[in-house]
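Asker: Attaching a single structure in structure tokens format; questions to follow.
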Amino acid sequence: MSRREGSLEDPQADSSVSPLLHLEAKIQQTHSLARLLTKYAEQLLQEYVQHQGDPFGLPGFSPPRPPVAGLSAPAPGHAGLPVPERLRLDAAALAVLPPLLDVVRRRQAELNPRAARLLRRLEDSARQARALGAAVEAVLGALGAETGGPRPEPAAAAAAIAAAATGGVFPAKVLGLRVCSLYLEWVSRTEADLGQLAPGGPA
Amino acid sequence: MLNASTLALALANLNGSRQQSGDNLVCHARDGSILAGSCLYVGLPPEKPFNISCWSKNMKDLTCRWTPGAHGETFLHTNYSLKYKLRWYGQDNTCEEYHTVGPHSCHIPKDLALFTPYEIWVEATNRLGSARSDVLTLDILDVVTTDPPPDVHVSRVGGLEDQLSVRWVSPPALKDFLFQAKYQIRYRVEDSVDWKVVDDVSNQTSCRLAGLKPGTVYFVQVRCNPFGIYGSKKAGIWSEWSHPTAASTPRSERPGPGGGACEPRGSEPSSGPVRRELKQFLGWLKKHAYCSNLSFRLYDQWRAWMQKSHKTRNQHRTRGSCPRAEGARREVLPDKL
């Protein structure tokens, strides 16, 4: 099992502190990160919708939800799973999201070349998803939980979506909306799951 | 609402697209769900760019800017490309560094020839068409500008409450080139937005501003026009103004004049006739009194002494190396002066 520390400090550097306290600090840090990224993901979605034009963003706009290879929304039964299993699913989704966000960013760079803030948010989101995924895996490692079985290759998912995104402009806009929505769903799902473990949470 | 057999649709009187990614055309089913969509780009073909102007900084590069036709509002992404070529030979080249001095500008950093004309134009292209500007022909030597004069110093002139001395250095980037330099000075009172300009400083690197208000902070700037490089007959291009340099005139009990000297525009007329008459008097003295050392300098020194001692303007005291000055003043002056 690999132990990736992501962007968090390693509390185990001071060996005199109880390992339990280390784990608690790690969980708390990761939970705070997830909370922050949830807020950023909401802003990304708003920014994205704003640059696609009406009816994107209008009340009642119900676009098709095209499938995204290698990634689906959190299942309805996700919240009923044991926390380690939930975190494994969170980590798996966060690992697939960065290349998908990159594809969306490249397409938006063609469609909205002057939308500098949107492009920057998409680029940042890919990095942030990668960091949060690594932090969640570090928590799983500290809990002694397996990170799970084989996952779809992120590159394969990205290639599939890239092919879809090179089609018409409208379908590319819809696909980008789907990816940004999935990013928000999984980041907020991760925040909720970590909240179960964080001090003061039900676990 | 369309019926099931409709295969085509015409949309009229559309406004220009509001976002770069195009306007969305969406087909809904009766229940409101989206069946399909597409994007429309509603806009105008570009109009001819115009008003191209170019300048070269120290003959090392060329920067051009232009005005897009129809003020640039095509509602579509429009690409502007600055092209250039040597007039008599050579292939078309495309400028690569855009938006250097505004949205419609481009910078060519190197590999420019001198003493031979270039042809420069702008091509505008979008999804609906293209347009090309008129061709501008120029020689790099005719559009040279330089950096503002460095080391601008402004200082008081002894105790004179209405004067400041301005000194600067010739732009070092052009020190190896033969050119004439014109300078302009502008100055303003600290809490004013109105600049006064002195524009006949020619190629001096110092100037004395006179007729200023006592006890007042002034901001001063200098700029340079390097014309006549390698014999160019064109007017040259003014540099940017130097960073403002501040200095204050000494305080005085007497109300001072409000205008400027060193031939500024807009100076008060009250200082003009006095100095003109004085100049004529000094000219006469030099001619008739055989004294070559009389000058404005002596006059200014006398004024400084006056202010120091707070005596009336009728007291006289001579200085300098011109012993005949006092004797000359005692002569009866002719009517004509």
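Asker: Being under 26 Å from A:ALA198 (Cα atoms), out of contact with any helix residue (DSSP H, G or I) (no Cβ under 7 Å at 6 or more places or on another chain) and touching a residue at least 60 places away in the same chain (Cβ under 8 Å) narrows it down to one residue among A:ALA93, A:ALA79, A:ALA41; which is it?
Answerer: A:ALA79
Asker: Scanning the stretch A:52-69 for residues that are of a type outside the set (Gly, Ala, Ser) and within 14 Å of A:LEU175 (Cα to Cα), which turns out farthest from the other protein chains (Cβ to nearest Cβ)?
Answerer: The qualifying residue farthest from the other protein chains (Cβ to nearest Cβ) is A:VAL68.
Asker: Can you say whether B:CYS39 is farther than 30 Å from B:LEU114 by Cβ, open to solvent by less than 40 Å² (accessible area, probe 1.4 Å) and part of a strand (DSSP E or B), as far as the supplied structure shows? Break it down into steps so the answer makes sense when it comes.
Answerer: On the way: farther than 30 Å from B:LEU114 by Cβ: yes; open to solvent by less than 40 Å² (accessible area, probe 1.4 Å): yes; part of a strand (DSSP E or B): yes.
Spelling it out, B:CYS39 is indeed farther than 30 Å from B:LEU114 by Cβ, open to solvent by less than 40 Å² (accessible area, probe 1.4 Å) and part of a strand (DSSP E or B).
Asker: Do you know which residues across the stretch B:11-35 are within 18 Å of B:GLU73 (Cβ to Cβ) and either at the interface with chain A (Cβ under 9 Å from one of its Cβ atoms) or surrounded by 18 or more Cβ atoms within 10 Å (Cβ to Cβ) (or both)?
Answerer: Correct list: B:SER17, B:ARG18, B:GLN19, B:GLN20, B:SER21, B:GLY22, B:ASP23.
Asker: Still on this structure, please answer the following. With the requirement that a residue be in a helix (DSSP H, G or I), facing chain B (nearest Cβ under 10 Å) and open to solvent by 60 Å² or more (accessible area, probe 1.4 Å), what does the stretch A:107-124 give you?
Answerer: Of everything in the stretch A:107-124, just one residue is in a helix (DSSP H, G or I), facing chain B (nearest Cβ under 10 Å) and open to solvent by 60 Å² or more (accessible area, probe 1.4 Å), namely A:GLU110.
Asker: Moving on to the next point. What's the total number of residues in the stretch B:73-99 that are without any contact (Cβ under 8 Å) to a residue 24 or more places away in the chain, in a loop (DSSP other than H, G, I, E, B) and more than 14 Å from chain A (Cβ to nearest Cβ)?
Answerer: Looking only at that region, the number is 5.
Asker: Restricting to the stretch A:49-63, count the residues that are open to solvent by 60 Å² or more (accessible area, probe 1.4 Å) and part of a loop (DSSP other than H, G, I, E, B).
Answerer: Residues in the stretch A:49-63 being open to solvent by 60 Å² or more (accessible area, probe 1.4 Å) and part of a loop (DSSP other than H, G, I, E, B): 5 in total.
Asker: Oh, and also: Search the stretch A:70-85 for residues being outside any helix (DSSP H, G or I) and crowded, with 17+ Cβ neighbours inside 10 Å, and hand back the single one that is nearest to the other protein chains (Cβ to nearest Cβ).
Answerer: The selected residue is A:LEU71.
Asker: Hey, another quick one. Looking at the stretch B:45-72 only, could you name the residues that are assigned to a loop (DSSP other than H, G, I, E, B) and either at pLDDT 90 or above or in contact with a helix residue (DSSP H, G or I) (Cβ under 7 Å, 6 or more places away or on another chain) (or both)?
Answerer: If the condition is that a residue be assigned to a loop (DSSP other than H, G, I, E, B) and either at pLDDT 90 or above or in contact with a helix residue (DSSP H, G or I) (Cβ under 7 Å, 6 or more places away or on another chain) (or both), then B:PRO45, B:PRO46, B:GLU47, B:LYS48, B:PRO49, B:ASN58, B:MET59, B:ASP61, B:PRO68 are the ones that fit.
Asker: To continue, here is another question. Hey, any hits in the stretch B:62-72 for a residue that's away from chain A (no Cβ under 14 Å), touching a residue at least 60 places away in the same chain (Cβ under 8 Å), touching an Asp or Glu at 6+ places or on another chain (Cβ under 7 Å) and on the phi < 0 side of the Ramachandran plot?
Answerer: So far as the stretch B:62-72 goes, yes, one or more of its residues are away from chain A (no Cβ under 14 Å), touching a residue at least 60 places away in the same chain (Cβ under 8 Å), touching an Asp or Glu at 6+ places or on another chain (Cβ under 7 Å) and on the phi < 0 side of the Ramachandran plot.
Asker: Has the stretch B:215-222 got at least one residue that is touching a residue at least 40 places away in the same chain (Cβ under 8 Å) and open to solvent by 50 Å² or more (accessible area, probe 1.4 Å)?
Answerer: Scanning the stretch B:215-222 turns up no residue that is touching a residue at least 40 places away in the same chain (Cβ under 8 Å) and open to solvent by 50 Å² or more (accessible area, probe 1.4 Å).
Asker: Moving on. Of these, A:GLN29, A:GLN46, which one is more than 14 Å from every other protein chain (Cβ to nearest Cβ), closer than 27 Å to B:HIS28 by Cβ and either under 21 Å from the mean Cα position of the chain (by Cα) or not in a helix (DSSP H, G or I) (or both)?
Answerer: Selected residue: A:GLN46, the only one of A:GLN29, A:GLN46 that is more than 14 Å from every other protein chain (Cβ to nearest Cβ), closer than 27 Å to B:HIS28 by Cβ and either under 21 Å from the mean Cα position of the chain (by Cα) or not in a helix (DSSP H, G or I) (or both).
The values are calculated or read from the model by the stated rules, or taken from the named source; none is laboratory data. In this text the structure is predicted, and so the values were computed from the model without any measurement. Note that we place each Cβ from the backbone using ideal geometry, even for glycine, and neighbour counts take in every protein chain shown. Note: accessible area is taken over every heavy atom of the protein model, side chains too, but ligands, DNA and RNA are not part of it. Shrake-Rupley method; radii C 1.70, N 1.55, O 1.52, S 1.80 Å.
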